[in-house]
Amino acid sequence: MTRFAPDPIPGQAPSPDSVHPREATKDAPTSVARFNETIRAFISGWGSVWVEGEITSWNVRGGNVYGRLKDLEADSSVSFRLWSSTLQRLPDDLKVGDRVIASVKADYFVKTGDFSVLVATMRHTGLGDQLEKLEKLRATLRAEGLFSAARKKPLPFLPQVVGLITGERSDAEKDVHRNAELRWPQVAFRTVHAAVQGDRCVPETIAALQQLDADPEVDVIIIARGGGDPQHLLGFSDERLLRAVAAATTPVVSAIGHENDHPLLDDVADLRASTPTDAAKRVVPDVNEQRALVRQLRSRLGSRLALRISHDIAQLEQLRSRPVLRAPEGAIERRAHEVELLAGRGRSILDRRTTRGAREVTELRASLRALSPGATLARGYAIAHVPGGVIVRDAAQAPDGTEVVVTVGRGSFAARSAGEIAETASGERPTPA
């Protein structure tokens, strides 16, 4: 709404609010408010218009959307506002990178002099060119395995030197240094500044990456930027930079933008940090946490050691309480008694077996003596042998005059047979002499 100031009093200089911008001069300038109101009055006469473009920014605050539309071909963009009441009637999948057509009406904010357009309706017309290219590149790199978790290198627990690639005098550099030093005061940085947007971003970032990767003292490299318009983050989705990061031998941490910013560098890097602050926390351990962990481990070790000693003492006491250790002489006495009993039994058995053996020997000796020819000869019998050692069992074996050897109980002698001797009256033949 245009404000109308009262007519100036004759003889006085006109108020700046009363001077129309078209009538303003060096001596009678108009006010900023009058100038902005004039612009708004001029713009308010414009009607709604349909425009086509690509969404490059989409920020939701208080239910309303504040974003930017970029021309599909020319380097031109415009801010837009989308009220929550209008947002409820639009598709739910509108996002950065979408190509849309929208019915907009020009608006000029008098208080700040900002120009934007109010969106009445908006609908898709397809993916933006940039998003389409990024999606094709994403599919290619995924097929090559550059997004695979198997190829990602683990970060060292405590890096001696942290390489940092960021813009000169940037907030991202301050955030990384401050948060890392708060967590580990002795951390050392090797920072290489590079452009983080524009045409110089990719070549300078690649050069910085190669410089730090070749430094043997650098254990991990952080590429940090403090967020921004997605259009400004396109350099971190450049294929040349992505392949350089994949080829690096040093672990690389991507810390580009904020939670909603997601360039392809996040997928190729060995670790994605949501912010530069998060990168510092992920790369450097917290000294206080480590000290607390050491205290906790020492306490657990002391507890386990005390428990083990107590357990061993209890086992020793249990062993000492056993009868064999408490009174070992009792076991020895019982064993001694058993040994005496066994020894007595052994002697008794040995005596019985000895007696039985002696009796058996006597019996065998008597049997042997009874069966011995010598015993028979001792009773008066004799054995006659003819020459050749043949025993005479029949008188016919020794005819008259045959020389024989006669064996008696004690010795032997030679004799000559005298023929057959008649039987005695009792019918027995006398033993030849």
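The values are calculated or read from the model by the stated rules, or taken from the named source; none is laboratory data. These numbers were taken from a predicted model, which means no experiment stands behind them. Using ideal geometry, Cβ is built from the backbone for each residue, glycine included, and neighbour counts are taken over all protein chains shown.
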The stretch 78-104, residues that are more than 46 Å from the chain's Cα centre (by Cα) and in contact (Cβ under 8 Å) with a residue 40 or more places away in the chain = 82, 100, 101, 102, 103, 104
Among (1) at pLDDT below 90; (2) under 30 Å from residue 262 (Cβ atoms); (3) among the polar types (S, T, N, Q), which single condition is residue 36 missing?
-> (2)
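Conditions (1) out of contact with any Lys or Arg (no Cβ under 6 Å at 6 or more places or on another chain); (2) more than 30 Å from residue 236 (Cβ to Cβ); (3) among the basic types (Lys, Arg), marked per residue:
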site: 48; (1), (2), (3): no, yes, no
site: 51; (1), (2), (3): yes, no, no
site: 62; (1), (2), (3): yes, no, no
site: 71; (1), (2), (3): yes, no, no
site: 99; (1), (2), (3): yes, no, yes
What helices (runs of 4 or more DSSP H) lie completely within the stretch 237-326 and have 3 or more residues being out of contact with any helix residue (DSSP H, G or I) (no Cβ under 8 Å at 6 or more places or on another chain) and surrounded by 10 or more Cβ atoms within 10 Å (Cβ to Cβ)?
-> 287-320
Qualifying positions in the stretch 200-236 - in a strand (DSSP E or B) and farther than 19 Å from residue 250 by Cα | 225
Of the conditions (1) polar (S, T, N, Q); (2) touching a strand residue (DSSP E or B) at 6+ places or on another chain (Cβ under 8 Å); (3) within 30 Å of residue 32 (Cβ to Cβ), residue 103 fails just one. Which one is it?
-> (3)
Being touching an Asp or Glu at 6+ places or on another chain (Cβ under 8 Å) and assigned to a loop (DSSP other than H, G, I, E, B) is the filter; apply it to the stretch 177-199 and report the residue that is nearest to residue 289 (Cα to Cα).
-> 184
Restricting the stretch 380-405 to residues that are surrounded by 10 or more Cβ atoms within 10 Å (Cβ to Cβ) and in contact (Cβ under 8 Å) with a residue 40 or more places away in the chain, the residue that is farthest from residue 418 (Cα to Cα) = 381
Identify the residue in the stretch 102-117 that is surrounded by 14 or more Cβ atoms within 10 Å (Cβ to Cβ) and β-branched (Val, Ile, Thr) and, among all such residues, is nearest to residue 31 (Cα to Cα).
-> 110
